[in-house]
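The values are calculated or read from the model by the stated rules, or taken from the named source; none is laboratory data. Only a predicted model underlies this, so the values are computations on that prediction, with no experimental measurement involved. Glycine gets a Cβ as well: all are built from the backbone with ideal geometry, and neighbour counts include every protein chain shown. For the accessible areas, the whole protein counts, side chains as well, though only heavy atoms, and no ligand, DNA or RNA atoms are used. Shrake-Rupley method; radii C 1.70, N 1.55, O 1.52, S 1.80 Å.
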Amino acid sequence: RGGAAAPDPDDQADKYEFLSQAVVDRLHHYEVSNWATTAKECRYNQTTWAQGEYAGFGLGAHSYRRGTRGRNVRRLEAYLDTVESGVRPTAGTERLSKWEREKERLFLGVRRRGGVHMGTVGRVFVSSVGGQRLIAAGVVRIDDDRLMVVDPLLTDAVAREILATEKPASD
């Protein structure tokens, strides 16, 4: 594929740590990649990480309502043609099972600096080989039934392990 080369992950990590230190006395670090002044956190992000409902408007936008995720058409010409014909520009929807909603709640919730309530998927995750490895390495910790990522730079690795968590056969 064309386009620019991917950014160097070490350079990104260095810049992230520099920013974290530069704003530590002025801004609240409320989510892995977001800082804000107190009571000025991004409501959209807060809603998303808490699995709240939201409606997406525009090209390629996503929505989440009543356990169903939807996405709009991404290509501009197709989007405009659809809207101009009086049809909603929905490219597809996906109904999430209870397990999938719970898994999503967990992997989105670990983005929060305060962590996320473990719940069913969290308990399965921390019992898994991947979860045990991350606990032993000090990447995640459990505090009052909340799963927390210790180093924000490793949140994506934790999220991947959570997404790989299999539903137990007994459920």
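Points to keep in mind about this one:
- Within the stretch 145-171, residues that are without any contact (Cβ under 8 Å) to a residue 40 or more places away in the chain and of a type in the set (S, T, N, Q) reach no partner that is open to solvent by 40 Å² or more (accessible area, probe 1.4 Å) and part of a loop (DSSP other than H, G, I, E, B) with beta carbons closer than 8 Å at six or more positions or on different chains.
- Filtered residue count, the stretch 104-129, keeping only those that are charged (D, E, K, R), open to solvent by 40 Å² or more (accessible area, probe 1.4 Å) and either at pLDDT 90 or above or not in a loop (DSSP other than H, G, I, E, B) (or both): 4
- Test: residue in the stretch 29-37 that is within 22 Å of Val110 (Cβ to Cβ), modelled with pLDDT of 90 or more, among the small types (Gly, Ala, Ser) and in a helix (DSSP H, G or I): no
Yes or no, residue by residue, for (1) within 24 Å of Arg113 (Cβ to Cβ); (2) modelled with pLDDT under 90; (3) in a helix (DSSP H, G or I):
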{"position": "Phe18", "(1), (2), (3)": "yes, no, yes"}
{"position": "Gln21", "(1), (2), (3)": "yes, no, yes"}
{"position": "Gly58", "(1), (2), (3)": "no, no, no"}
{"position": "Arg71", "(1), (2), (3)": "no, no, no"}
{"position": "Arg74", "(1), (2), (3)": "no, no, no"}
{"position": "Glu77", "(1), (2), (3)": "no, no, yes"}
{"position": "Arg88", "(1), (2), (3)": "no, no, no"}
{"position": "Gly92", "(1), (2), (3)": "no, no, no"}
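- Pairs with Cβ under 8 Å, 6+ apart, first in the stretch 32-57 and in contact (Cβ under 8 Å) with a residue 12 or more places away in the chain and closer than 25 Å to Thr68 by Cα, second part of a loop (DSSP other than H, G, I, E, B) and open to solvent by 70 Å² or more (accessible area, probe 1.4 Å): Glu53/Arg66
- Scope the stretch 28-59; condition among the hydrophobic types (A, V, I, L, M, F, W, C) and either within 18 Å of Thr155 (Cβ to Cβ) or in contact with a His (Cβ under 8 Å, 6 or more places away or on another chain) (or both); matching residues: Val32, Trp35, Ala36, Cys42, Trp49, Ala50
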